[in-house]
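**Q** Shown below is the structure under consideration.
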Amino acid sequence: MIREDLQFLYRELAAYHGDPWWWRHHLQEAVNNSVNAAVHALHPGFDDGVAVMDREWDNLVVLDACRADLFEQEADLDAFDRYERVTSRGSMTPEWTRRNFAGGDYGDTVYVSANPFTALEAGDSFHRLVAVWETAFDEESGTVPPEAVVEAALFAAEDYPDKRRVVHFIQPHHPFLTDEEMVAYSGWTVRHLVDDDHPRHPHDPFEAYSMGLLDREAVWEAYADTLSLVLDHALSLARELPGRTVVTSDHGNMVGERGWPVPTPVYGHHPRLRYPELVDVPWAVLEADDRPTVTDGATEDARATPDAVRDRLRQLGYV
């Protein structure tokens, strides 16, 4: 893996050595990713995180890309029976999905997902995978609206009352639905958004911030407002579902905090990094008296082909 990273770095240097933006961001990312990966290999304990399938819950509600301090800012923590910060097993959705679900046989679980990576990385791990990203993607906003996830989750609860449920919202991952300017800076709808001083088009609000097109306060506010929006839907859903509900996240986002060993600002989320802003996530518990009986069942194979997923991931700014 480290050798592959170095080869990638060499190719990038050959292509972009004259681009100052690349030197400031991509070189830092390449070096930091490689060093972090080496630390993981030498010190396995450094890479520990919560194994979500080993925890007690009947409904696991995942808010995509929600860092812990943002959740603590926007959520009423007193509304939960218990709250703690936990360490995620990944700093991007595919890494988190692989390390929690890939290769598993979770016949007791139905996964309702707005994120295509669930199908790509662990589509054969569950009794049923409900691909909301495929059936309810809204082209105008460039994302899966939270209302569609709620509806799919309620149908799944009715159809599979004896199963555990993972319900994976795509928000507060960008596009930040509460701010039209932020939507314009997301990979879904970007169209000639930068002037001649910026030869690159930003793929998301975090990259736009890194290029000086947005300030941190505006990005943070839109990020927080989008979390508040999806949290209302998530808590409304939790009141409808039987059993213990846990609200958590797969990873967070960097909003200009400095990385290591190269101490330059980092934006958005990247694989194999273990900065607190990326891996500190909420674990908020809502207890219930009406806990269902969970039984095992046959696991279906719902793996998605790369071609089926690639277009959605491109719209989500991943590729």
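**Q** In this structure, does residue 250 turn out to be among the charged types (D, E, K, R), at negative phi, assigned to a loop (DSSP other than H, G, I, E, B) and touching a residue at least 40 places away in the same chain (Cβ under 8 Å)? Lay out the reasoning, then the answer.
**A** On the way: among the charged types (D, E, K, R): yes; at negative phi: yes; assigned to a loop (DSSP other than H, G, I, E, B): yes; touching a residue at least 40 places away in the same chain (Cβ under 8 Å): yes.
Considered against the rule, which asks whether it is among the charged types (D, E, K, R), at negative phi, assigned to a loop (DSSP other than H, G, I, E, B) and touching a residue at least 40 places away in the same chain (Cβ under 8 Å), residue 250 comes out as yes.
**Q** Taking the criterion of being assigned to a helix (DSSP H, G or I), farther than 26 Å from residue 176 by Cβ, within 18 Å of the chain's Cα centre (by Cα) and not assigned by TED's automatic domain parsing to the domain that holds residue 33, would at least one residue in the stretch 72-88 satisfy it?
**A** No, the stretch 72-88 has no match at all.
**Q** Considering only residues that are out of contact with any Lys or Arg (no Cβ under 6 Å at 6 or more places or on another chain), in contact (Cβ under 8 Å) with a residue 40 or more places away in the chain and surrounded by fewer than 24 Cβ atoms within 10 Å (Cβ to Cβ), which ones fall in the stretch 101-121?
**A** To start, the set of residues in the stretch 101-121 that are out of contact with any Lys or Arg (no Cβ under 6 Å at 6 or more places or on another chain) comprises 101-107, 111-115, 117-120.
Applying the additional criterion that residues be in contact (Cβ under 8 Å) with a residue 40 or more places away in the chain yields 101, 104-107, 111-115, 117-120.
Result: 101, 104, 105, 106, 107, 119, 120.
Per-residue answers, yes or no, for (1) surrounded by fewer than 22 Cβ atoms within 10 Å (Cβ to Cβ); (2) of a type in the set (D, E, K, R):
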site: 67; (1), (2): no, yes
site: 94; (1), (2): yes, no
site: 126; (1), (2): no, no
site: 129; (1), (2): no, no
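**Q** Ok, one more. Could you tell me whether the stretch 247-256 includes any residue that is modelled with pLDDT of 85 or more and exposed (fewer than 14 other Cβ atoms within 10 Å of the Cβ)?
**A** Within the stretch 247-256, the subset modelled with pLDDT of 85 or more is 247-256.
Now restrict to residues that are exposed (fewer than 14 other Cβ atoms within 10 Å of the Cβ): none.
Looking through the stretch 247-256, none of the residues is modelled with pLDDT of 85 or more and exposed (fewer than 14 other Cβ atoms within 10 Å of the Cβ).
**Q** Within the stretch 122-144, can you find the residues that are within 24 Å of residue 228 (Cα to Cα) and free of Cβ contacts under 8 Å to residues at least 24 places away in the same chain?
**A** Matches in the stretch 122-144: 132, 136, 138, 139, 140.
**Q** Follow-up question, since we're still on this one. Residues 166, 183: which one is modelled with pLDDT of 70 or more and either part of a strand (DSSP E or B) or not assigned by TED's automatic domain parsing to the domain that holds residue 116 (or both)?
**A** Just one listed residue meets the conditions, 166.
**Q** Looking for whichever is in contact with an Asp or Glu (Cβ under 9 Å, 6 or more places away or on another chain) and more than 30 Å from residue 158 (Cβ to Cβ) here; the options are 255, 246. Which one fits?
**A** The unique qualifying residue is 255.
**Q** So, in the stretch 195-242, of the ones that are in a loop (DSSP other than H, G, I, E, B) and among the hydrophobic types (A, V, I, L, M, F, W, C), which residue ends up modelled with the highest pLDDT?
**A** Filtering the stretch 195-242 for residues that are in a loop (DSSP other than H, G, I, E, B) and among the hydrophobic types (A, V, I, L, M, F, W, C), the one modelled with the highest pLDDT comes out as 241.
**Q** If you go through the stretch 135-158 one residue at a time, do you hit one that is modelled with pLDDT under 95, assigned to a helix (DSSP H, G or I) and either over 20 Å from residue 278 (Cβ atoms) or under 17 Å from the mean Cα position of the chain (by Cα) (or both)?
**A** Checked against the condition, which is being modelled with pLDDT under 95, assigned to a helix (DSSP H, G or I) and either over 20 Å from residue 278 (Cβ atoms) or under 17 Å from the mean Cα position of the chain (by Cα) (or both), the stretch 135-158 yields at least one hit.
**Q** Looking only at the stretch 256-274, how many residues end up being under 15 Å from the mean Cα position of the chain (by Cα) and either aromatic (Phe, Trp, Tyr) or more than 15 Å from residue 62 (Cβ to Cβ) (or both)?
**A** If we filter the stretch 256-274 for residues that are under 15 Å from the mean Cα position of the chain (by Cα), which is where we start, we get 267-274.
Next cut, either aromatic (Phe, Trp, Tyr) or more than 15 Å from residue 62 (Cβ to Cβ) (or both) only: 267-268, 270-274.
Within the stretch 256-274, residues that are under 15 Å from the mean Cα position of the chain (by Cα) and either aromatic (Phe, Trp, Tyr) or more than 15 Å from residue 62 (Cβ to Cβ) (or both) number 7.
The values are calculated or read from the model by the stated rules, or taken from the named source; none is laboratory data. What you see is a predicted model, and the numbers here were worked out from it, not measured in a lab. Using ideal geometry, Cβ is built from the backbone for each residue, glycine included, and neighbour counts are taken over all protein chains shown.
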